[in-house]
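Reviewing the structure listed below.
The values are calculated or read from the model by the stated rules, or taken from the named source; none is laboratory data. All values reported here derive from a predicted model rather than from experimental measurement. Note that each Cβ is placed from the backbone with ideal geometry, even for glycine, and that neighbours are counted across all protein chains shown.
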C-alpha cells in the first residue's frame, strides 16, 4: 500500500490508542481520584491553591463556574494587552522587537484568549520573547479553560438533583499541571531532539550555501509549538506556522504534531465516559465524531493526492498529487490530513497553504469548522457536540413516545431555547459576516479592492473561510485574503469573542439546569442514548443543522469552483 | 355513542373549510411562528404581483408569480384546515355526548318543572323510573338502577345510591327503577364536557410544555432559514446571479418546517379527541401528554385484574360427610346471603334453595364479631365463615378442628383462594373454596405494559399471601396488600420521589387525595364528585383497564409530533436539490450538475418544490389525526423503525414527489 496512506493510518491508530488510556487518566484527574502521579503533583497544586487563596473544597454551582471562568479570562486578557503594548522596554527582548500598536495588541489578545490564534503579525519580527511567552501562557490557559469547563459539564451530566458541581479553580489548575504541562513537555522534547530551537538567546547568524550571511530567528520555539498543537490553539511562533522548518523540521515531527492536534479532543470524549461511568456513551460520541471526521478526511486526502484537475487538463502528470502550497517533506496526503485535522479540531495551525487546496478539499475544511465538533477544540468540541445531543434527544425522544430526557433529565422549553440559540449562532456569525463582506465588496469596490487575491468563486471561499475560522475559533486562514483592514479586524474580532464564550455559556447553563432536575430512572420505554441508532440520529441532526444552513454558500463557493474547473 | 365520526364527513369539512379562512387573521396565525412567516411570505408575493401589474419587468411573468402566490396561500389554508378539521371532529364528538342532555325537564322538590338549562349548582331535583336525569349531580337520597348506555354504550343497568362511592349520576342517563333525589353539582356550562369542548375549540387551549419546546425548535429552524435566505441575496449579487423575489420566498417556505408547523396543533387536538373517542374526558391537553410518560400504573384488583368478586370454585366435605349432604347444608346457609360470594356458592351448588323444605328458618347475618353467617332451623345450626372464626366456635363447644380441614384451608389460601369453613352444630363439615377469577387476556396487557417500560401495581384489600398469588398469576410487577387509601397515597409519593410518573384510577371520595397526587388521575364517571374534581381525566365507561389505552394515546401523541418533525426536516434535502440549482443555473451554468432530479426548467423546479410542500400537508392530515401507531418494541427499536419510515422516507419521498410534479408542471409551462 501507498506509504503516504500508511503514514496516515499509523497516525490515526496511534492517536486513538493513546487517547483511550489518556481519557481514563483525564477522568481520574477531573474526578479527583488517586493516580500514581499524585506524589508529584499534589504539592504543586497545593502551592497554587495557597498562593492564590483558593479553597479547593469549595463547591460551585454552574453560574459560579462561569463567573470564575470569565473573571480569569478578563484578568489575563488585560495583562496580555499591557505586555504586548510594552514589549520594547520589558525584559527578554534580545532582538529588540518593537511594542505592538493598541489595535493589533487587542486583536492578538482576543485571538489567543479565545483559543482562536488568528495571527495578523509574524511572531519572529513582531514579538519579544516575553510577548511569545505571554501568548504561550495563553495557549495553556485557554486550553485548560476548555478542559475545566467541559469537566464541569461532565459532572453536571452525572449529577442528580444537585446545584454543586465541584470547584472551577481546582479543575483549571489540575488540567494545567497534570495534563497540559507534562504532555507538552514530552512533545517539546521530541521537537528539540529533531532540531526545533529552544533558547532565550537572540538571532543566530548563519552562512548559506551561496555564501551569504543571514540572521536566523530563534527562541523558545519547541515549548511554544508543543502547546500550540496540544491545546488546539494553533498560533505559530513564526509567521509561516508549522510549514516553517524550525516549527516542524521533518516527517517525524509532523507525525508528532499531527497527533498532538487531536489527541486531547478524543481523550476528552473518553474522559466523559470515565467520569459518567458510561463507556458506551463515550464510544457512541466517539463513533459519531469519527464517522463525520472520516467523511471529511478521506475525500480531502483523495482529492489532494489526485492533483489539480485544471493542471491535469493541461496534460501534465501530477504523480505526487496537488503540490501547490505544500511542503515537499510532508507530501500531499499528510498535508491534507493535517488540514482536515486542524479545521475539525479548531486548532488552526497549518503545515500547508489551505488557499491552494483543490476546491472540494477547501469545502471539507470549511465543513469541519462549520460543524466544529468532529472532535472539536479541547473541551469546547464536546460542548458543541452536547448541543447537538440535546437537539437529537428532543426529536428522538418524541419519536419513541416519551417526553425527551437525556441521562434521566427531562429536556423542556428552557433548555431547548438555549440549545436552539447556540445552534443558531454559528450559521448567524458565518453567514451574516460573509454576507456583509460580499455586500461591502460590491458597494465599495475601490475601498475593498485589496481584499481578494482571486475573483469569483474562490474569492468568495476566501471570505467565507475567514468567518468560518473566526466563528469556529480555529485561526487558520485561507490566506490570500487581505484581512488587515478595519472591517476584517473588528468583524472577526467580535465574532471570535462571541463565538468563544456564548457556546461555552449555553451548554454549561443547560447542563447546570438539567443537573438540578429530578432524575428519572430508566425503563424499557426510555430512549437509550448510547446506541448506534441514537448515534445515527445525532449525526443526522449535525448534518441537518450544519448542512442545511451552509448548503447555499458552499454551492456558490467551492462547489461552483469545482464544477467550473472540471467542466472547462 | 361510539359511532365513529368519519374523517371526511360533509358538515365537518364544510365547517373546517370556512374556519381555515377565518384563521388567516394574523392575530391567530402568530401563535404558530412557522406558518406566520409563510403568511408574511404570501403577502410579499401578493405585493410582487401588484408590482408587476404596475409595470415592473424584473420579476418575471405575472402568471408565474401569481401561481406561486396561490400555492403559498393554499399552504396556509391547508395548515389552517388541518387544525380546523381536528377541532371540528373533537367538537362533533363532544357534542354528540352533550346532545342527549340538551333540554330535559327537571322536576324540583316543590313539584315545579324547569328546563335543565336553568339548573344551578346546589339545586335539588327528583327523578323517577323512566326519567332522563337532567344534569350531573350527586344522589342525596334513594337508590336507583340507571341505564347509562347514552354515555358509555354499555346496556347493562347500574345501581347508584346515596352515600358511598356510587352516588354520582350523569346528565343524559335514564332512571330505570326507583326514585332518587339528586343535588346538582355543577354550574350550567361548566361540566367536564363543556370544559373539554372549550379546550378543543381553542378558546382555552393552551400549549402543553412539550408543544412549547417543539415550537421553539421549529422557530429555531425557521430563524436559521431566515438567515440563510436573507444572506443569499448579497451572495447572489456577488456571484452576479439574479434571483427573483418569488424564488427567495419559495426557497424560504420550502426550507422551513411547514409540514409539522401546519399540523402541530391538529396533532394536539387529535390527541384529546382520541381520548374522548375512548370515552375519556381530559381536563387538559397536558394530561394526555403526561399519560405517555407514565412509569407506574396503580390498578385496583377488583374489576381490573379480576372479574368483579370472588367466586366459589370447589366444595370439600370433611371426612365422613357425603358431598350431597355438604352441598345441601351449604345451600341452606347461603340462601339468605346477598353478597356476591354467597350468590356464587348457590350458583356452584346448582340447587334451588326453594326445593329444600325448612320450617321457621332464622337467618344469622354476618357481623364483624362472629365473622360468620348462617341459618338456624329446627335443631340445626349451620354456620359458614373464616377458618379461625369457625375454629373458635367449634373448640368452644368442645369439638376439635380436624387436621385434614386445617390442611385444606392452608392449601386453598396458599393458592390465592379464600377458604370458607362450614360447621353444623359446631362440628366442621367441610370447606368452600372461593377464588378470584382473573380477567381473560389481562396477562397479555400487562406484558405489553412491561414492554412499554411501565410497572404495574395491584392494589387490593386481600391479605399479602392471596395478593402475592394473584399478582403472580396476573403478571403484575408489584402489589399493595391490605391496602388502605393512605397506602396508595404513600406508594405514589414514594415512586414520585424516585422520579417516576404515576397514574391511577379511582372512584371513591377517599381516593381523591391520591388522584390529585398522581400525575395522571383517572376518575370513574360513577365515582364521587370529589374524585372527579381531583383527577385530571374522567372515564365515562368506568372501565379500570382504560388507563392502558390512555397511556398509548399519550405516547401516540408525542410520537406523531416527533415523526412528522423528522419527516418535515428530512424533506429539506430534496427541496434544496430542486431549488438551489434552479436559483443559480442561470448565472452559473456549471451548477447544472447539481440538478440531480433533472427537473425541466428553473421555474418548473421551483413550482414543483412549492407545490409538493403545500400538498404534503393535507396528505398527512389523516396521519396527524389518527396518530402514528405505537408498538411496545423497546425505545431503540421504535426509534430505528420511525427513523427508517419517517427519516429515510422523508428524504426519499420528496425526490419522487417533486420529480412527478415537475413532469406534470412541464406540460403547462
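Answer yes if at least one residue in the range B:324-338 is over 34 Å from the mean Cα position of the chain (by Cα) and closer than 30 Å to residue B:480 by Cβ, and no otherwise.
As a first pass, look at the range B:324-338 and keep what is over 34 Å from the mean Cα position of the chain (by Cα): B:324-338.
Those still in the list that are closer than 30 Å to residue B:480 by Cβ too: B:337-338.
The answer is yes, given that some residue of the range B:324-338 is over 34 Å from the mean Cα position of the chain (by Cα) and closer than 30 Å to residue B:480 by Cβ.
Could you please give the count of residues in the range A:459-489 that are crowded, with 24+ Cβ neighbours inside 10 Å and in a loop (DSSP other than H, G, I, E, B)?
Summing the residues that are crowded, with 24+ Cβ neighbours inside 10 Å and in a loop (DSSP other than H, G, I, E, B) in the range A:459-489 gives 6.
Only one of (1) under 30 Å from residue A:246 (Cβ atoms); (2) surrounded by fewer than 19 Cβ atoms within 10 Å (Cβ to Cβ) fails for residue A:124. Which number is that?
(2)
Out of the range B:525-538, which residues are free of Cβ contacts under 8 Å to residues at least 40 places away in the same chain and either within 16 Å of residue B:459 (Cα to Cα) or over 18 Å from the mean Cα position of the chain (by Cα) (or both)?
Result: B:530, single match.
Please state which one of A:82, A:77 is in contact with a helix residue (DSSP H, G or I) (Cβ under 6 Å, 6 or more places away or on another chain) and free of Cβ contacts under 8 Å to residues at least 60 places away in the same chain.
Being in contact with a helix residue (DSSP H, G or I) (Cβ under 6 Å, 6 or more places away or on another chain) and free of Cβ contacts under 8 Å to residues at least 60 places away in the same chain holds for just one of A:82, A:77, which is A:77.
Being modelled with pLDDT of 90 or more and part of a loop (DSSP other than H, G, I, E, B) is the filter here; which residues of the range B:33-69 pass it?
Residue satisfying the conditions is B:54 alone.
Scan the range B:484-498 and give yes if some residue there is at pLDDT below 85 and buried (at least 18 other Cβ atoms within 10 Å of the Cβ), otherwise no.
no
Each row is one residue, and each column tells you yes or no for (1) in a helix (DSSP H, G or I); (2) closer than 19 Å to residue B:418 by Cα.
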{"site": "B:333", "(1), (2)": "yes, yes"}
{"site": "B:341", "(1), (2)": "yes, yes"}
{"site": "B:345", "(1), (2)": "yes, yes"}
{"site": "B:373", "(1), (2)": "no, yes"}
{"site": "B:381", "(1), (2)": "no, no"}
{"site": "B:384", "(1), (2)": "no, yes"}
{"site": "B:389", "(1), (2)": "yes, yes"}
{"site": "B:398", "(1), (2)": "no, no"}
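With the condition being out of contact with any helix residue (DSSP H, G or I) (no Cβ under 8 Å at 6 or more places or on another chain) and either farther than 22 Å from residue A:53 by Cβ or at pLDDT below 90 (or both), I'd like the helices (runs of 4 or more DSSP H) fully within the range A:116-189 carrying at least 2 qualifying residues.
Values: elements: A:123-126, A:129-158, A:168-175.
Ranges flagged: A:123-126, A:129-158.
So is residue B:383 within 17 Å of residue B:321 (Cα to Cα) and at pLDDT 85 or above or not?
On the way: within 17 Å of residue B:321 (Cα to Cα): yes; at pLDDT 85 or above: yes.
Yes, satisfied.
Looking at the range B:436-466 only, could you name the residues that are within 30 Å of residue B:346 (Cα to Cα) and modelled with pLDDT of 85 or more? Step through it out loud before you land on a result.
Here is the first cut: in the range B:436-466, the ones within 30 Å of residue B:346 (Cα to Cα) are B:436-443, B:458-466.
The answer is B:443, B:458, B:459.
Being under 25 Å from residue A:45 (Cβ atoms) and crowded, with 22+ Cβ neighbours inside 10 Å is true for just one of A:137, A:165. Which residue is that?
Details: A:137 fails: crowded, with 22+ Cβ neighbours inside 10 Å.
The match here is A:165.
Is there a residue in the range A:304-312 that is outside any loop (DSSP other than H, G, I, E, B), within 14 Å of chain B (Cβ to nearest Cβ), in contact with a helix residue (DSSP H, G or I) (Cβ under 6 Å, 6 or more places away or on another chain) and surrounded by 24 or more Cβ atoms within 10 Å (Cβ to Cβ)?
As a first pass, look at the range A:304-312 and keep what is outside any loop (DSSP other than H, G, I, E, B): A:304-306, A:309-312.
When the remaining residues are screened for being within 14 Å of chain B (Cβ to nearest Cβ), the result is A:309-310.
Subset that is in contact with a helix residue (DSSP H, G or I) (Cβ under 6 Å, 6 or more places away or on another chain): A:309-310.
Among the residues that remain, those that are also surrounded by 24 or more Cβ atoms within 10 Å (Cβ to Cβ) are: none.
No.
Looking at A:255, A:266, which is the one that is modelled with pLDDT under 95 and either assigned to a helix (DSSP H, G or I) or touching a strand residue (DSSP E or B) at 6+ places or on another chain (Cβ under 6 Å) (or both)?
Numbers: A:266 fails: modelled with pLDDT under 95.
On inspection, the qualifying residue turns out to be A:255.
Criterion first (under 30 Å from residue A:519 (Cα atoms), free of Cβ contacts under 8 Å to residues at least 60 places away in the same chain and touching a helix residue (DSSP H, G or I) at 6+ places or on another chain (Cβ under 9 Å)) does residue A:67 satisfy it?
yes
Please state which of the following conditions residue B:535 fails to meet, knowing it meets all the rest: (1) farther than 11 Å from residue B:291 by Cβ; (2) within 14 Å of chain A (Cβ to nearest Cβ).
Against the list (1) farther than 11 Å from residue B:291 by Cβ; (2) within 14 Å of chain A (Cβ to nearest Cβ), residue B:535 comes up short only on (2).
Kindly check whether there is at least one residue in the range A:231-243 that is farther than 25 Å from residue A:125 by Cβ and surrounded by fewer than 24 Cβ atoms within 10 Å (Cβ to Cβ).
Applying the first criterion (farther than 25 Å from residue A:125 by Cβ) to the range A:231-243 yields A:232.
From what's left, surrounded by fewer than 24 Cβ atoms within 10 Å (Cβ to Cβ): none.
No, the range A:231-243 has no match at all.
List the strands (runs of 3 or more DSSP E) that sit entirely inside the range B:409-522 and contain at least 3 residues that are in contact (Cβ under 8 Å) with a residue 40 or more places away in the chain, farther than 24 Å from residue B:537 by Cβ and away from chain A (no Cβ under 14 Å).
On the way: elements: B:418-424, B:427-435, B:455-459, B:478-480, B:502-506.
Strands (runs of 3 or more DSSP E) meeting the threshold: B:418-424, B:427-435.
In this structure, is residue B:549 assigned to a helix (DSSP H, G or I), surrounded by fewer than 22 Cβ atoms within 10 Å (Cβ to Cβ) and either on the phi > 0 side of the Ramachandran plot or touching a residue at least 40 places away in the same chain (Cβ under 8 Å) (or both)?
Values: assigned to a helix (DSSP H, G or I): yes; surrounded by fewer than 22 Cβ atoms within 10 Å (Cβ to Cβ): yes; either on the phi > 0 side of the Ramachandran plot or touching a residue at least 40 places away in the same chain (Cβ under 8 Å) (or both): yes.
Taking the combined requirement at face value, the residue satisfies it.
Restricting the search to the range B:594-644, which residues are more than 10 Å from chain A (Cβ to nearest Cβ), under 24 Å from the mean Cα position of the chain (by Cα) and part of a helix (DSSP H, G or I)?
B:620, B:621, B:622, B:623, B:624, B:625, B:626
What number of residues within the range A:437-452 are touching a helix residue (DSSP H, G or I) at 6+ places or on another chain (Cβ under 7 Å) and surrounded by fewer than 24 Cβ atoms within 10 Å (Cβ to Cβ)?
First, pick out the residues of the range A:437-452 that are touching a helix residue (DSSP H, G or I) at 6+ places or on another chain (Cβ under 7 Å): A:437-442, A:448, A:451-452.
Filter once more, keeping what is surrounded by fewer than 24 Cβ atoms within 10 Å (Cβ to Cβ): A:439-442, A:448, A:451-452.
Within the range A:437-452, residues that are touching a helix residue (DSSP H, G or I) at 6+ places or on another chain (Cβ under 7 Å) and surrounded by fewer than 24 Cβ atoms within 10 Å (Cβ to Cβ) number 7.
Return yes when residue A:361 is more than 16 Å from the chain's Cα centre (by Cα), crowded, with 24+ Cβ neighbours inside 10 Å and either part of a helix (DSSP H, G or I) or within 14 Å of chain B (Cβ to nearest Cβ) (or both) and no when it is not. Please lay out each step first, then the result.
Numbers: more than 16 Å from the chain's Cα centre (by Cα): yes; crowded, with 24+ Cβ neighbours inside 10 Å: yes; either part of a helix (DSSP H, G or I) or within 14 Å of chain B (Cβ to nearest Cβ) (or both): yes.
So residue A:361 passes the test.
Would you tally the residues in the range A:1-60 being farther than 27 Å from residue A:286 by Cα, touching a residue at least 24 places away in the same chain (Cβ under 8 Å) and assigned to a helix (DSSP H, G or I)?
6
Could you check the range A:411-429 and list, in sequence order, the residues that are farther than 11 Å from residue A:510 by Cβ and more than 9 Å from every other protein chain (Cβ to nearest Cβ)?
Once the filter is applied, which keeps residues that are farther than 11 Å from residue A:510 by Cβ and more than 9 Å from every other protein chain (Cβ to nearest Cβ), the range A:411-429 yields A:425, A:426, A:429.
From the residues in the range A:492-533 that are more than 30 Å from the chain's Cα centre (by Cα) and under 27 Å from residue A:145 (Cα atoms), which one is surrounded by the most Cβ atoms within 10 Å (Cβ to Cβ)?
A:517
Examine the range A:396-406 for a residue that is in contact (Cβ under 8 Å) with a residue 40 or more places away in the chain, touching a strand residue (DSSP E or B) at 6+ places or on another chain (Cβ under 9 Å) and either under 23 Å from residue B:566 (Cα atoms) or away from chain B (no Cβ under 14 Å) (or both), and state whether such a residue exists. Working first, answer last.
Pass one, the range A:396-406, residues in contact (Cβ under 8 Å) with a residue 40 or more places away in the chain: A:396-397, A:400-402, A:404-406.
Keeping just the survivors that are touching a strand residue (DSSP E or B) at 6+ places or on another chain (Cβ under 9 Å) gives A:397, A:404.
Filter once more, keeping what is either under 23 Å from residue B:566 (Cα atoms) or away from chain B (no Cβ under 14 Å) (or both): A:397, A:404.
Yes, the range A:396-406 contains at least one residue that is in contact (Cβ under 8 Å) with a residue 40 or more places away in the chain, touching a strand residue (DSSP E or B) at 6+ places or on another chain (Cβ under 9 Å) and either under 23 Å from residue B:566 (Cα atoms) or away from chain B (no Cβ under 14 Å) (or both).
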